[in-house]
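Everything on this sheet refers to the single structure shown next.
The values are calculated or read from the model by the stated rules, or taken from the named source; none is laboratory data. Just so you know, these numbers come straight off a predicted model, no measurement behind them. Note that we place each Cβ from the backbone using ideal geometry, even for glycine, and neighbour counts take in every protein chain shown.
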Amino acid sequence: MTLNNISLSIPNPNKILKANHNLLFSSSASSFPCNLKLPSLTASVPTHLHPLSDSTDESFVKNLEGFEFSDQITNGLPNLQSNGFYQIPNGLANLQKILNGSREIPNGESVRTRRIFIEDPAWIPYSLIKDLDKKAKKVAKSEAQEVGRKKYNLLMRRQIKAETEAWQKMVEEYREIEREMCENKLGHHLPFVKKLFLGWFEPLRAAIAKEQRVLQSKNRKTALMPFMDMLTADKMAVIAMHKMMATVMGAHGREDRAVPVTYAALQIGAAIEQEVRIHGFLEKTKSQKTVAPTEEGFCKDAETLRKRLKSLIKKQKIRAVQKLVEDEEIKPWGRDIQAKLGSRLIQLLIETAYVQAPVDQSADSPPDIHPAFSHTFIRLSPWKKNSQRSGVILPDPLLLAGLHGTARHTVIPYMPMLVPPKKWKRYDKGGYFFLPSYLMRTHGSRPQQDAVKNTAADQMQKIYEALDTLGNTKWRINKRVLSVMERIWAGGGNTGGLVDRKDVPIPERPESEDDTEIKKWKWSVRGAKRVNRELHGQRCDTELKLSVARQMKDEDGFYYPHNIDFRGRAYPMHSHLNHLNSDICRGVLEFAEGRPLGNSGLRWLKIHLANLYGDGVEKLSYEGRLAFVENHLENIRDSADNPLHGNQWWLTAEDPFQCLAACINLSEALTSSAPHNVISHLPIHQDGSCNGLQHYAALGRDSFGAVAVNLVAGEKPADVYSEIAARVHDIMKRDSNKDPATNPNAILAKALIGQVDRKLVKQTVMTSVYGVTFVGARQQIKRKLQEKGQITDDTLLFKASCYAAKVTMAALEELFDAARGIMGWLGYCAKVIASQNQPVRWTTPIGLPIVQPYFKPKMLQIKTSLQVLSLKQDGTTVEIKKQRTAFPPNFVHSLDGSHMMMTAVACRDAGLCFAGVHDSFWTHACDVDRMNRILREKFVELYSIPILENLLESFQKAYPELTFPPLPERGDFDLQEVIDSPYFFN
């Protein structure tokens, strides 16, 4: 018999549970490991071993009786004495006795330094070892689950607090600042907007409290009385201040930042209603008559119930908390109540909020104090004939002067979630735990809401699963990219796509009194002010994005609950920092889960970087893109190591911050000794090639269109934009050779022929399948021509834009004749239905009911304390033209939404991390090949359904008395070719 020395030391019982399979056993072909070594308490004493006879087998098994070996190991050795010795159990002592040549240890003897050696235990039953291994794994898994459960519980508490106490937290902050100012005179250290809010808070709170008392004391009931009392005065004050400032920040269309009263009132009223809904369980009045509690009593009641809420949360009774809220849920107020309440709060804000000019005047002069807001009537659209005067709120110029820093102090209720969102179960159940969440963004369309609510849950199941899949994708902040972005922003922006933090200078009035010069100066002043308004809006937007990134950067991860628009396209419910937004957002977001690159992942990371660099590189073959990256490795490493003080190659990319993130990840891989093992958190994008036309080509089985949009394999990606640009250039070249006397377009063609490229026509081509009109195409091309700057005369620019739009749309009709045929058929069907005063309805292939929400509006007059407001509401008469023109693009959007959702669920089932941006699908680099296969299979599966036949059948069934045109002719394109097309999504 071969001897194998196996050392056994006695571990600390408190650590024994962590002695997992890798520590206990090394793999061997025999039934017992040839080297068992547990952690030793002290230095071991070597012992000489002698061979055991085969007869020891039987006696060993007998000596094991009475000693539950696996239980002792699992539960730890008992009887740790005060001197550090361990009391040896009888079974273990018996085990030691059978060891030939080793020192015998009497029962109960304490051991510190001895080690017990077992010779050749190959005959120990394998079932015993397997049981021990199983128990160790089970304990380790249980420990990990317990740690994860505690962490989840902590995050859940934070999430619920963030959803339910955002405004209360702001109230407490103002009160704390007030105390600090009284004690330490800290006011001059506050940011501009904080000083404003602090100065407005107490007077507005007092005015609202007085209003509540007055309404309560009136003998006759008023429409506002119950609603004005549903929140404390301080919370109403905070909501009114913040929402009013948010509307002013968003009003960058006018120089004076005038905000329509109707819009501001509805925003404030809706925010109040939302807060009341969240804290509906705090309202516990039992009588039918609504009587406002006193401020003190209200706070005590709220505190008692808040403690109850926290207690339930700690006990993990989240459903009980939600049930409590649902039980106390109130009926929707309606826009009239929102408008009345919002208007009254705006009126109180106007009466109590002031701004003061900087102290640069003599001490004897009175302080220069202005009302922060004023109410007046102006023409919002003076260029329109018979435009009526509308009530607006005008912010004081002193307020506007410090508005640039306001965004970071704005309360954002719908933040990214710290835990996975609530699963969708019905129209109003899913997403956030307590913030109002709705499956579909219907914008008040009652027919669409009813259609979704009345649909069976099993029919909606695929939509629920897809939204849950998107919501369960865990994200985190890329801190390295955020750091670079923050430094650029602190330095004034105007780099890497970040907006310039300085305004453009306003031109000075010329000394000449020439009318032409004065007119030209006025136009330039108007243009500069327009640009500054746009810059301000972009700065506010950037501040909001960075503010969210700062708040989330130290989190291990976060989630975006998703819902859909009425066409079935998915969107994150948080609107500022998400992956649907600009390069700034996408650059700082990455998957929280990292996966090794692997062999294919490294290749896809390089292709992804080339795609992000753009400038035509993304239109090369995959080999061409890989060669581009190989030729720029030094630039890539320099960008990763020294982004701001190196050669800044990444800033030349079309998507600079995403390119920087890819440079960092690729540099890490290339400097590693094992590049394929480097962990990557970067989402790799696979984008459709003019996706709308891809759907039309599949619908019509159009072989010619399929080649143009990469449904068919090719050596390199087909570029439909370049193809259209070439056709436009050919048409203009022919026109330029004609006689200008008989063909006025000849002059325009000569002016444009050198400016035609894919960028000029790209947006028009993209939107052509979504119903872009001639006017829309003209405006798109005009903007591109303005960017080029070669045509400075406004009249010539307008005429050239009209001509270029006409030629571009003609080229599109030539290339995509089949798509135009389907668009025409869809539009005609919509016209037939709308002529019966019915909206167009259809059901997507995955079961989502859709109703087009285009009705002629009717005006509802609401008398408020500030003015009479006119609220738009959907009428009962459909807009025939809108129903007709919107149906083709809406129908295609519903199909690309279906494709994305089908892909999302399939990727989830395959174990992939997935994110979707309409026609752009994202996953880890190592999983791109699998995702590519899945999305192609799902596209073929989608269009293997007789979609147009089913649509026509549903129309005929719903409107049997109407006559619909026959289906358009279709080609013979084989959908299976999509499976092998490498550039279908690329």
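Which one is farthest from the chain's Cα centre (by Cα), of the residues in the stretch 194-239 that are at pLDDT 75 or above and of a type in the set (Gly, Ala, Ser)?
Restricting to residues being at pLDDT 75 or above and of a type in the set (Gly, Ala, Ser), the top hit is 217.
Can you give me the number of residues within the stretch 943-966 that are outside any helix (DSSP H, G or I) and either surrounded by 14 or more Cβ atoms within 10 Å (Cβ to Cβ) or basic (Lys, Arg) (or both)?
Summing the residues that are outside any helix (DSSP H, G or I) and either surrounded by 14 or more Cβ atoms within 10 Å (Cβ to Cβ) or basic (Lys, Arg) (or both) in the stretch 943-966 gives 3.
As an exercise: evaluate residue 636 against (1) in contact with a helix residue (DSSP H, G or I) (Cβ under 7 Å, 6 or more places away or on another chain); (2) part of a strand (DSSP E or B) and give the number of the one condition it does not meet.
(2)
Quick one: is residue 785 at pLDDT 85 or above, over 43 Å from the mean Cα position of the chain (by Cα) and either over 30 Å from residue 983 (Cα atoms) or buried (at least 21 other Cβ atoms within 10 Å of the Cβ) (or both)?
Taking the combined requirement at face value, the residue does not satisfy it.
Can you tell me which residues in the stretch 497-510 are more than 21 Å from residue 613 (Cα to Cα) and part of a loop (DSSP other than H, G, I, E, B)?
Scanning the stretch 497-510 gives 501, 502, 503, 504, 505, 506, 507, 508, 509, 510.
Restricting attention to the stretch 562-611, which residues are of a type in the set (Asp, Glu) and either in a helix (DSSP H, G or I) or surrounded by fewer than 21 Cβ atoms within 10 Å (Cβ to Cβ) (or both)? Spell out the reasoning first.
Our first condition is that a residue be of a type in the set (Asp, Glu); within the stretch 562-611, this holds for 565, 583, 590, 593.
Correct list: 565, 583, 593.
Could you list, in sequence order, all residues of the stretch 639-686 that are of a type in the set (Ser, Thr, Tyr) and either more than 24 Å from residue 585 (Cβ to Cβ) or part of a helix (DSSP H, G or I) (or both)?
639, 652, 667, 671, 672, 673
State all residues of the stretch 487-496 that are exposed (fewer than 15 other Cβ atoms within 10 Å of the Cβ) and assigned to a helix (DSSP H, G or I); if no residue qualifies, say none.
487, 490
Looking at the structure I just gave you, is residue 759 assigned to a helix (DSSP H, G or I) and surrounded by 13 or more Cβ atoms within 10 Å (Cβ to Cβ)?
Judged against the criteria, residue 759 is a match.
Output yes when any residue across the stretch 163-184 is surrounded by 14 or more Cβ atoms within 10 Å (Cβ to Cβ) and at pLDDT 80 or above, and no when none is.
yes
Name every residue in the stretch 762-782 that is within 20 Å of residue 892 (Cβ to Cβ), among the aliphatic types (A, V, I, L, M) and at pLDDT 85 or above, in order of residue number.
777 - this is the single residue of the stretch 762-782 that is within 20 Å of residue 892 (Cβ to Cβ), among the aliphatic types (A, V, I, L, M) and at pLDDT 85 or above.
In the stretch 767-782, how many residues are part of a helix (DSSP H, G or I) and either under 33 Å from the mean Cα position of the chain (by Cα) or of a type in the set (Gly, Ala, Ser) (or both)? I'd like the intermediate steps shown before the answer.
Looking only at the stretch 767-782, we keep the residues that are part of a helix (DSSP H, G or I), and these are 767-768, 774-782.
With either under 33 Å from the mean Cα position of the chain (by Cα) or of a type in the set (Gly, Ala, Ser) (or both) added as a condition, the list becomes 767-768, 775-782.
Of the residues in that region, 10 qualify.
Could you say whether any residue in the stretch 759-771 is more than 21 Å from residue 694 (Cα to Cα) and either free of Cβ contacts under 8 Å to residues at least 40 places away in the same chain or of a type in the set (Val, Ile, Thr) (or both)?
no
For the stretch 839-854, give me each residue that is more than 25 Å from the chain's Cα centre (by Cα) and part of a strand (DSSP E or B).
Those that are more than 25 Å from the chain's Cα centre (by Cα) and part of a strand (DSSP E or B): 841, 842, 843, 851.
Got a sec? Which of 865, 870, 920 is closer than 25 Å to residue 579 by Cβ and among the hydroxyl-bearing types (Ser, Thr, Tyr)?
Of 865, 870, 920, the one residue that is closer than 25 Å to residue 579 by Cβ and among the hydroxyl-bearing types (Ser, Thr, Tyr) is 920.
If you scan the stretch 906-923, which residues turn out to be in contact with a helix residue (DSSP H, G or I) (Cβ under 7 Å, 6 or more places away or on another chain) and acidic (Asp, Glu)?
919
Only one of (1) surrounded by fewer than 21 Cβ atoms within 10 Å (Cβ to Cβ); (2) in contact with a Ser or Thr (Cβ under 9 Å, 6 or more places away or on another chain); (3) closer than 30 Å to residue 751 by Cβ is not met by residue 723, so which one is it?
Condition (2) is where residue 723 drops out.
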